[in-house]
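The values are calculated or read from the model by the stated rules, or taken from the named source; none is laboratory data. These numbers were taken from a predicted model, which means no experiment stands behind them. Don't worry about glycine lacking a Cβ; one is built from the backbone with ideal geometry, like all the others, and counts go over all protein chains shown. Ligands, DNA and RNA are excluded from the accessible area calculation, which covers all protein heavy atoms including side chains. Shrake-Rupley method; radii C 1.70, N 1.55, O 1.52, S 1.80 Å.
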Amino acid sequence: MIIKFSNFADGVHQLEFQEKTEKIGLKQPFFDDLFLAVDMDKSHSQIVIKGNLSVKAKYICDRCDDEFVEELKNNFQITYFFTNQYTQKNEDVNLYYLSPEKDKIDLTNDVRDFALLAEPMKKLCKPDCKGLCYKCGANLNVEECNCEK
Ligand SMILES: [Zn+2]
Ligand SMILES: [Zn+2]
C-alpha cells in the first residue's frame, strides 16, 4: 500500500487499495481482502492521509461457541510533514516527518495496526446472543431447553 505522491499534483486525491490480508501481515482471524479508501491532501509542506479501512475476521462467539464473520472498519488520519530537520523521535503515532527527497509513503504498517485496533474486545455473534444453556449445552439462539433457570 504504497503511494508515490510525486506523481500527484497538490490537492485532494481519492485512492483505493485492495490487498490480501496475509500480504500485509494480518494473520487469523483476518481473512480475504482488506479494502482501503484514501483521501490524500497534498500540499508543498505536508501530506494528510485520511483512510477508511474495512476487513473481515472470523471469530468464535464468546457465548455460544458458534463461528461468525464480522466486518471490521476503522478510520484514521496520518500527517506527513516535509522537513529535513528531523531530530527527535516523534511520539505522536499519527504524525511522521518526511525528508524532502522522498517521493513515496508506505501505509502498510499503519493500516495493519489500525486493522488490529478495530478488533472487538468481546466476540459476540450478535449483540443479544443468548449463549448456551449451562446445564444441557443447548444453543439458546436456536432452541429452548427445559432446564430450570
Ligand atoms: Zn453467539
Ligand atoms: Zn438446558
Total residues in the range 30-74, condition under 25 Å from LEU140 (Cα atoms) and either away from ligand 2 (no atom under 16 Å from the Cβ) or not charged (D, E, K, R) (or both): 13
Residues within the range 50-68 that are part of a strand (DSSP E or B) and either hydroxyl-bearing (Ser, Thr, Tyr) or farther than 13 Å from LYS122 by Cβ (or both), tallied: 11
Residue satisfying all of: in the range 43-65; more than 16 Å from the chain's Cα centre (by Cα) and under 17 Å from MET1 (Cα atoms); surrounded by the most Cβ atoms within 10 Å (Cβ to Cβ) among these: ILE47
Any hit, the range 5-14, residues being more than 30 Å from ASN139 (Cβ to Cβ), of a type in the set (A, V, I, L, M) and out of contact with any Asp or Glu (no Cβ under 9 Å at 6 or more places or on another chain): yes
Cβ-Cβ under 7 Å pairs, at least 6 apart or on other chains, the range 130-145 side more than 9 Å from ligand 1 (Cβ to nearest atom), far side at pLDDT 95 or above and open to solvent by 100 Å² or more (accessible area, probe 1.4 Å): LEU140/LYS130
Test: residue in the range 109-128 that is within 16 Å of ligand 2 (Cβ to nearest atom), more than 20 Å from GLN14 (Cα to Cα), in contact (Cβ under 8 Å) with a residue 60 or more places away in the chain and touching a Lys or Arg at 6+ places or on another chain (Cβ under 8 Å): no
In the range 114-129, residue nearest to the chain's Cα centre (by Cα) [restricted to those that are more than 8 Å from ligand 1 (Cβ to nearest atom) and in a loop (DSSP other than H, G, I, E, B)]: ALA118
Residue selected from the range 66-101 under the condition open to solvent by 100 Å² or more (accessible area, probe 1.4 Å) and at pLDDT 90 or above, by the criterion farthest from the chain's Cα centre (by Cα): GLU67
Test set (1) within 28 Å of ASP10 (Cα to Cα); (2) touching a residue at least 24 places away in the same chain (Cβ under 8 Å) - CYS64 fails condition number: (1)
